[in-house]
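A quick write-up on the structure given underneath.
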Amino acid sequence: MHTTDTVFPHLFRPLDLGYITLRNRVLMGSMHTGLEEEHDGFQRMAAYYAMRAEGGAGLIVTGGVAPNRSGWVAPFSIRLADSSQLGGHRLITEAVHERGGAICLQILHAGRYGYHPLCVAPSKLRAPINRFSPWVLSPRRIKRTIDDFVRCADLAREAGYDGVEVMGSEGYLINEFIAAKTNRRSDEWGGSFANRIRFPRAIVQGIRERVGERFIIIYRLSMLDLIDKGSSWEEVVELAAAIEEDGATLINTGIGWHEARVPTIATVVPRACFAWVTRRLMGSVAIPLITSNRINMPEVAEKILADGCADMISMARPFLADPFWVKKARENRADEINTCIACNQACLDHIFARKTASCLVNPRACHETIRPFVRAGRPKRIAVVGAGPAGLACAVTAAERGHRVTLFEAAETVGGQFLLARLIPGKEEFEETLRYYRVQLARLGVDVRTSCTATPELVRGYDDIVIASGVKPRPVEIEGKDLPHVYSYAEVIGGKKIAGRRVAIIGAGGIGFDTSTFLLEKGRSSHHLDAFLDAWGIDCQYRQPGGLKIPEWPVPDREIHLLQRKAGKPGEGLGKTTGWIHRSVLKKSGVRFWSGVQYLRIDGEGLWVRHGGEEKLIAVDTVVVCAGQLSERGLAADLERAGVGFHLIGGAMAAGELDAKRAILQGTELADRL
């Protein structure tokens, strides 16, 4: 088998850190998964990290571990403060080392982001994303907190970790000391920049003194705060040089505070969007620099390194999507990588809901011991009807387990609703998921029959029949619904109908938001780097502290009205960590939101509604219906009448809002049982 050492030579060049050499330039970045708080969390984390080590990651960084109680992200979060807590950590380090990997523990003190009444900060300023106001750290408690960081690092070394990452970015405690925005102190820990960086410097110095030279210290430096009164570029450079002098081995790139109103990791963010920041620091320090954020494929990572933007690449969520990302790239199988689409739906959204993280495109992530992959004891003949996300996941998983699978799809190509999703500006990454499934279907020898409508006669005789026939748009019962200027969302996004310049969209759920984004044609350019940076007010020239400038949002080509029957805020059901982005895009583009409307009729003048007790005309030339979906169950009904058993998954089981996370999970879990 050929390796990709020549295809991705920079990516697979070892990195010599003096006493240890990393096998490649890929860092698995830190992610809190929720396993840290599970009762069997250490066993599950050991399996989770071990699989990523086996998959070839050059260095792994754990999720954030608090050095003390006040540093908890939430009540009773994971911390490492005394030797009684070492046993579980040794399970992790031993499992990783057995598979040839190296792993660092991230020390994270949440500061004013701690969602609990014990949270602390340099000044009494409540974070806008937290309801708890922090206690002010006294000089004595500051020194005690520094000691806690040092003790945590020493315990990590004792537990077998190869190093630690000191979390100094994203608006957590260390970052709060550094930025004038959150540090209003007038003592030796505040005021001048030299005083404000005294805290991180003391931590790094103390750790290096305690652990010795043969131990990795990564410092995650906020290179771009994306908030007012954040660090200036000169301060970033000064801190980087100081941290190098204090004993850090590597400097990792941190982008944006959690309270910043700029997307940094969502799918609307262009790939490698922030590599320019790390490149700007290259040469200012001698130790290697790591870049991060929205790097999800080997060719992107290779170009970053080849262009001299960084010495190493950090990827977090891509290792949720595919634990064997590195191995596949090295073996010239990049087309087999299950790519992270940056949707946040099963990772960050789960974490903020206090649930264990997983991955939309890989439901086994963080569930390796609960959903283990097992080859089938007895191969079966399985018919899967419908090649949307649920059907594709089921067909590929069943074939991987050794079953003989036939996949029936009425359309000309596989993909289902993903064929529409990939056309939404900012959701182009869905094409990568379709590429992954197409490659897997071919690799596993699945008999794919497109343009083929399955019938009871066609599927009779298979050992198992899986109905994944998906959904169809729900029609609306409004006078005038059959007029020629009334379209379904599928017709518009699929290119069968072209909307006019003034559009009313019926339905403000996820599909309504996607359709609005699609119709804002100028919004398509926002996925390109320069346009994205301008639209969100990110200044590559770094003329102001924090790196912000006045946004230059493109003028939309269309007037759009987004309507819903419910009285609440449109988009309430969108993802917790991405919903604000979708709402912001539409708001900045002049979309008018209507809530609590009663639809009366559609005529040549537009859409008539009752709103606020008054009958009103919304003068438009196109009405697009996004009123939900209905399950497509024609074949299921036929089989039921014929007394033939079958399994129902995905949209065919329950329509509701389109939910690829649920569809892929159901397809995978069913295939595991067959």
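The values are calculated or read from the model by the stated rules, or taken from the named source; none is laboratory data. In this text, all values refer to a predicted model and were calculated from it rather than measured experimentally. Cβ placement follows ideal geometry from the backbone for every residue including glycine, while neighbour counts extend to all protein chains displayed.
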Name, by its number, the condition in (1) under 31 Å from the mean Cα position of the chain (by Cα); (2) touching a residue at least 24 places away in the same chain (Cβ under 8 Å) that does not hold for Ser133. (2)
Looking at Ser70, Ser84, can you tell me which residue is free of Cβ contacts under 8 Å to residues at least 40 places away in the same chain and more than 27 Å from the chain's Cα centre (by Cα)? Ser84
Counting only residues that are assigned to a loop (DSSP other than H, G, I, E, B) and without any contact (Cβ under 8 Å) to a residue 60 or more places away in the chain, which one in the range 444-460 is farthest from Lys380 (Cα to Cα)? Ser451
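Confirm whether Val300 is modelled with pLDDT of 95 or more and over 22 Å from Leu59 (Cα atoms). Give the steps one after another, and end with the answer.
Details: modelled with pLDDT of 95 or more: yes; over 22 Å from Leu59 (Cα atoms): no.
Answer is no for this residue.
Please verify whether Ala260 is small (Gly, Ala, Ser), crowded, with 18+ Cβ neighbours inside 10 Å and in contact with a Phe, Trp or Tyr (Cβ under 7 Å, 6 or more places away or on another chain), treating the condition exactly as stated. If you could, list the steps in order and put the result at the bottom.
Numbers: small (Gly, Ala, Ser): yes; crowded, with 18+ Cβ neighbours inside 10 Å: yes; in contact with a Phe, Trp or Tyr (Cβ under 7 Å, 6 or more places away or on another chain): no.
So Ala260 fails the test.
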Only one of (1) surrounded by fewer than 23 Cβ atoms within 10 Å (Cβ to Cβ); (2) assigned to a loop (DSSP other than H, G, I, E, B); (3) modelled with pLDDT of 95 or more does not apply to Phe8, and that is (1)
Please go through the range 55-91 and give me each residue that is within 18 Å of Ile217 (Cα to Cα) and of a type in the set (Val, Ile, Thr), ordered by number. Ile60, Val61, Thr62, Val65
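Taking the conditions exactly as written (under 25 Å from Ala353 (Cα atoms), of a type in the set (Gly, Ala, Ser) and more than 24 Å from the chain's Cα centre (by Cα)), does Ser123 satisfy them or not?
Details: under 25 Å from Ala353 (Cα atoms): no; of a type in the set (Gly, Ala, Ser): yes; more than 24 Å from the chain's Cα centre (by Cα): yes.
The answer is no for Ser123.
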Identify, from the list Leu226, Leu239, the residue that is of a type in the set (A, V, I, L, M), within 26 Å of Trp580 (Cα to Cα) and touching a residue at least 60 places away in the same chain (Cβ under 8 Å). Leu226
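Mind counting the residues in the range 216-261 that are outside any loop (DSSP other than H, G, I, E, B) and either assigned by TED's automatic domain parsing to the domain that holds Ser584 or over 29 Å from Asp162 (Cβ atoms) (or both)?
3
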Name the single residue that is modelled with the highest pLDDT among those in the range 456-496 being over 30 Å from the mean Cα position of the chain (by Cα) and small (Gly, Ala, Ser). Gly480
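Given the options Ala660, Ala637, name the one that is without any contact (Cβ under 8 Å) to a residue 60 or more places away in the chain, among the aliphatic types (A, V, I, L, M) and outside the structural domain of Ile493 (by TED's automatic domain parsing).
The conditions single out Ala637.
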Residue match in the range 401-414 (condition: out of contact with any Gly (no Cβ under 9 Å at 6 or more places or on another chain), under 22 Å from Val471 (Cα atoms) and among the polar types (S, T, N, Q)): yes
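Inspect all residues belonging to the range 73-85 and state whether any of them is crowded, with 19+ Cβ neighbours inside 10 Å, among the polar types (S, T, N, Q), under 28 Å from Leu118 (Cβ atoms) and touching a Ser or Thr at 6+ places or on another chain (Cβ under 9 Å).
From the range 73-85, those crowded, with 19+ Cβ neighbours inside 10 Å are 73, 77-80; that's our starting set.
Narrowing further to those that are among the polar types (S, T, N, Q): 77.
Checking the rest, the ones that are also under 28 Å from Leu118 (Cβ atoms) come to 77.
Still in the list and also touching a Ser or Thr at 6+ places or on another chain (Cβ under 9 Å): none.
No; the residues of the range 73-85 include none that is crowded, with 19+ Cβ neighbours inside 10 Å, among the polar types (S, T, N, Q), under 28 Å from Leu118 (Cβ atoms) and touching a Ser or Thr at 6+ places or on another chain (Cβ under 9 Å).
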Taking only pairs six or more apart or across chains, which ones have beta-carbon atoms under 6 Å, a first residue in the range 162-177 that is within 11 Å of Thr62 (Cα to Cα) and of a type in the set (Gly, Ala, Ser), and a second residue that is part of a loop (DSSP other than H, G, I, E, B) and at pLDDT 95 or above? Gly163/Phe215
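Okay, residues lined up against (1) in contact with a Gly (Cβ under 8 Å, 6 or more places away or on another chain); (2) over 30 Å from Lys303 (Cα atoms):
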position	(1), (2)
Glu331	no, no
Asp335	no, no
Asn344	yes, no
Cys347	no, no
Ile351	yes, yes
Ile370	no, yes
Gly391	yes, yes
Among Ile78, Ile60, Ile103, Ile107, the single one that is touching a residue at least 60 places away in the same chain (Cβ under 8 Å) and within 30 Å of Ala179 (Cα to Cα) is Ile107
Taking the condition of being in contact (Cβ under 8 Å) with a residue 40 or more places away in the chain and of a type in the set (S, T, N, Q), how many residues in the range 259-272 meet it? 1
Reported set for the range 219-256 where residues are of a type in the set (Asp, Glu) and closer than 20 Å to Pro545 by Cα is Asp225, Asp228, Glu234, Glu235, Glu238
Taking the range 167-215 on its own, how many of its residues are closer than 23 Å to Gly29 by Cβ and either among the hydroxyl-bearing types (Ser, Thr, Tyr) or not assigned by TED's automatic domain parsing to the domain that holds Asp225 (or both)? 2
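Name the residues in the range 564-610 that are aromatic (Phe, Trp, Tyr) and not in a strand (DSSP E or B), would you?
Step one: list which residues in the range 564-610 are aromatic (Phe, Trp, Tyr), which gives 580, 593-594, 599, 608.
Result: Trp580, single match.
For the structure I just gave you, tell me whether Glu165 is in contact with a helix residue (DSSP H, G or I) (Cβ under 7 Å, 6 or more places away or on another chain), among the acidic types (Asp, Glu) and crowded, with 19+ Cβ neighbours inside 10 Å. Walk me through how you get there before you give the answer.
Details: in contact with a helix residue (DSSP H, G or I) (Cβ under 7 Å, 6 or more places away or on another chain): no; among the acidic types (Asp, Glu): yes; crowded, with 19+ Cβ neighbours inside 10 Å: yes.
For Glu165, the condition - in contact with a helix residue (DSSP H, G or I) (Cβ under 7 Å, 6 or more places away or on another chain), among the acidic types (Asp, Glu) and crowded, with 19+ Cβ neighbours inside 10 Å - is not met.
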Can you go through Gly56, Gly101, Gly88 and tell me which one is assigned to a helix (DSSP H, G or I) and farther than 20 Å from Tyr172 by Cα? Gly88
Would you check if His2 is modelled with pLDDT under 95, over 21 Å from the mean Cα position of the chain (by Cα) and outside the structural domain of Gly254 (by TED's automatic domain parsing)? yes
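Take the range 125-168 and flag every residue that is among the aliphatic types (A, V, I, L, M) and part of a loop (DSSP other than H, G, I, E, B). Steps first, please.
Looking only at the range 125-168, we keep the residues that are among the aliphatic types (A, V, I, L, M), and these are 125, 127, 129, 136-137, 142, 146, 150, 153, 155-156, 159, 164, 166-167.
Within the range 125-168, Leu125, Ala127, Ile129, Leu137 qualify.
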Out of the residues in the range 323-339 that are touching a residue at least 60 places away in the same chain (Cβ under 8 Å) and part of a loop (DSSP other than H, G, I, E, B), which is nearest to Phe42 (Cα to Cα)? Pro323
Going by the conditions given, is Ile370 in a helix (DSSP H, G or I), among the β-branched types (Val, Ile, Thr) and either surrounded by fewer than 22 Cβ atoms within 10 Å (Cβ to Cβ) or free of Cβ contacts under 8 Å to residues at least 24 places away in the same chain (or both)? no
May I ask you to list the residues in the range 273-321 that are free of Cβ contacts under 8 Å to residues at least 40 places away in the same chain and not in a helix (DSSP H, G or I)? Met282, Gly283, Leu289, Thr291, Ile295, Asp307, Gly308, Cys309
